[in-house]
């Protein structure tokens, strides 16, 4: 009997899964395999929220496979060792895998290919499974990758996508493929309002959003109080939704909302092609500004206040509290909190990126690190010294104070627009709020930043 292995990684779905379809077409039986890699724990990427969400995804994937006569085989340990053991136990001839675009994924793929070849087996890597347009597909004439989004997006828009493939109707798994018990979600350290993971919830969410949210996306995506974004980011991170399918469905749907939505998926691919070409940008400046950032040691009180949502700037505090409660943060709020930490407090972007990676269920090395660098002015932003004013931004994107009232209960009795500047209230009213004064005035923060960057205020 011809057996193939499909190693699931960041593609925990059955719909539009080219590696699984290819394995089923080439073999009599397939081993759907997921390896719980302890190295992920060591790198810090298996934070409580992502671990809980992952366990949901694995249980959902196993249930979907069982509906089709199969099951998910879960092993713990080094992926290369476990894949080779399963291959030996089932006499599998080849292993199918979705391409990864981080240094960690590339190293895993290299080790796996070498180990399989030593035993006379093949590794078949499938691209465009976790992205719409793979890194390296489109390149500028003068360099190996794009560093500015607008020209990248222009080429991305005209690139043909592969056809999305349907979920299989039947999956046959050999009896010799023995796995461990799939871990269940635990509550330890997990955000209280963390949503369920898995392809089932993802597709239900997609269907609902297509009916009620997509058309208005362009008008509502920055409205912080409306909370009208798709919230697909965690499902894209774990691969319970296909970016190719999302792009194709949105384009068929049509309209300004769909066009704006697709542009955000292009940003996701843009960051991946930057990271694939410049893997060091996960930890070091892509374009250094020769900053001498305030560090954890020098600015501990300010950093703690930012992390805990008590900076004295309501929109910043609302965002940081949402992050802890939901394991997610509104897209506009991510920009504001990053600008505040790096430009107003002049604190190293890596400190903020690490905090986000700990709490965000969609914590993604490409999007997270490169968005932080974009806001810090060390990444791909063509205006590296831009500073987002949290007050004017709050007035624009939370004009009625809905977002602030939702997450900062101390201020629920204060109407907009005063809720965005509570320090302007009369002294007795301010004292009754039990809300902190600002860590720094915005003019003082701006002066410090401009001096540090050698720019005029």
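The values are calculated or read from the model by the stated rules, or taken from the named source; none is laboratory data. Here the structure is a predicted model, which means the values were calculated and not measured. Here the Cβ is made from the backbone with ideal geometry for all residues, glycine too, and neighbour counts use every protein chain on show.
If a residue must be assigned to a loop (DSSP other than H, G, I, E, B) and without any contact (Cβ under 8 Å) to a residue 24 or more places away in the chain, how many such residues does the stretch 139-156 contain? Lay out the reasoning, then the answer.
If we filter the stretch 139-156 for residues that are assigned to a loop (DSSP other than H, G, I, E, B), which is where we start, we get 139-148.
Cutting the leftovers down to without any contact (Cβ under 8 Å) to a residue 24 or more places away in the chain gives us 139-143.
The total comes to 5.
I'd like the residue in the stretch 25-46 that is crowded, with 20+ Cβ neighbours inside 10 Å and either on the phi > 0 side of the Ramachandran plot or not in a strand (DSSP E or B) (or both) and, out of all such residues, is modelled with the lowest pLDDT.
Quick first cut of the stretch 25-46, residues crowded, with 20+ Cβ neighbours inside 10 Å only: 27, 29-37.
From the residues that got through so far, the ones that are either on the phi > 0 side of the Ramachandran plot or not in a strand (DSSP E or B) (or both) too are 27, 37.
Working: 27: 96, 37: 93.
Once the filter is applied, the top-ranked residue is 37.
If you check residue 216 against the conditions, is it assigned to a helix (DSSP H, G or I), within 18 Å of the chain's Cα centre (by Cα) and touching a residue at least 12 places away in the same chain (Cβ under 8 Å)? So that I can check it myself, show each step before the final result.
Numbers: assigned to a helix (DSSP H, G or I): yes; within 18 Å of the chain's Cα centre (by Cα): no; touching a residue at least 12 places away in the same chain (Cβ under 8 Å): yes.
Considered against the rule, which asks whether it is assigned to a helix (DSSP H, G or I), within 18 Å of the chain's Cα centre (by Cα) and touching a residue at least 12 places away in the same chain (Cβ under 8 Å), residue 216 comes out as no.
What about residue 79, is it closer than 25 Å to residue 249 by Cβ, touching a strand residue (DSSP E or B) at 6+ places or on another chain (Cβ under 6 Å) and buried (at least 18 other Cβ atoms within 10 Å of the Cβ)? Steps first, please.
Details: closer than 25 Å to residue 249 by Cβ: no; touching a strand residue (DSSP E or B) at 6+ places or on another chain (Cβ under 6 Å): yes; buried (at least 18 other Cβ atoms within 10 Å of the Cβ): yes.
Against the criterion (closer than 25 Å to residue 249 by Cβ, touching a strand residue (DSSP E or B) at 6+ places or on another chain (Cβ under 6 Å) and buried (at least 18 other Cβ atoms within 10 Å of the Cβ)), residue 79 does not qualify.
Could you tell me which of the residues 264, 248 is more than 30 Å from residue 62 (Cα to Cα) and assigned to a helix (DSSP H, G or I)?
On the way: 248 fails: more than 30 Å from residue 62 (Cα to Cα).
The conditions single out 264.
Considering every residue within the stretch 243-254, establish whether at least one is out of contact with any strand residue (DSSP E or B) (no Cβ under 7 Å at 6 or more places or on another chain), buried (at least 18 other Cβ atoms within 10 Å of the Cβ) and within 20 Å of residue 337 (Cα to Cα). Let's see the steps before the verdict.
The first filter runs over the stretch 243-254 and keeps only residues out of contact with any strand residue (DSSP E or B) (no Cβ under 7 Å at 6 or more places or on another chain), leaving 243-254.
Subset that is buried (at least 18 other Cβ atoms within 10 Å of the Cβ): 243-248, 250.
Retained after the next criterion (residues that are within 20 Å of residue 337 (Cα to Cα)): none.
There is no residue in the stretch 243-254 that is out of contact with any strand residue (DSSP E or B) (no Cβ under 7 Å at 6 or more places or on another chain), buried (at least 18 other Cβ atoms within 10 Å of the Cβ) and within 20 Å of residue 337 (Cα to Cα).
For the stretch 100-112, which residues satisfy the criterion of being surrounded by 20 or more Cβ atoms within 10 Å (Cβ to Cβ) and within 17 Å of the chain's Cα centre (by Cα)?
Across the stretch 100-112, the qualifying residues are 100, 101.
Residue 193 - would you say it is modelled with pLDDT of 95 or more, outside any loop (DSSP other than H, G, I, E, B) and over 30 Å from residue 83 (Cα atoms)? Walk me through how you get there before you give the answer.
On the way: modelled with pLDDT of 95 or more: yes; outside any loop (DSSP other than H, G, I, E, B): no; over 30 Å from residue 83 (Cα atoms): yes.
Taking the combined requirement at face value, the residue does not satisfy it.
Could you pull out the residue among 394, 353 that is buried (at least 19 other Cβ atoms within 10 Å of the Cβ), under 30 Å from residue 100 (Cβ atoms) and either touching a helix residue (DSSP H, G or I) at 6+ places or on another chain (Cβ under 7 Å) or at pLDDT 95 or above (or both)? Write out each step before concluding.
On the way: 394 fails: under 30 Å from residue 100 (Cβ atoms).
Selected residue: 353, the only one of 394, 353 that is buried (at least 19 other Cβ atoms within 10 Å of the Cβ), under 30 Å from residue 100 (Cβ atoms) and either touching a helix residue (DSSP H, G or I) at 6+ places or on another chain (Cβ under 7 Å) or at pLDDT 95 or above (or both).
With (1) outside any loop (DSSP other than H, G, I, E, B); (2) surrounded by 21 or more Cβ atoms within 10 Å (Cβ to Cβ); (3) modelled with pLDDT under 95 as the list, and residue 57 as the residue in question, which single condition is left unmet?
Result: residue 57 passes all but (3).
Has the stretch 259-281 got at least one residue that is more than 22 Å from residue 411 (Cα to Cα), in contact with a strand residue (DSSP E or B) (Cβ under 6 Å, 6 or more places away or on another chain) and in contact (Cβ under 8 Å) with a residue 60 or more places away in the chain?
Keep residues of the stretch 259-281 that are more than 22 Å from residue 411 (Cα to Cα), which gives 259-281.
Narrowing the set further to residues that are in contact with a strand residue (DSSP E or B) (Cβ under 6 Å, 6 or more places away or on another chain) leaves none.
Scanning the stretch 259-281, I find no residue that is more than 22 Å from residue 411 (Cα to Cα), in contact with a strand residue (DSSP E or B) (Cβ under 6 Å, 6 or more places away or on another chain) and in contact (Cβ under 8 Å) with a residue 60 or more places away in the chain, so the answer is no.
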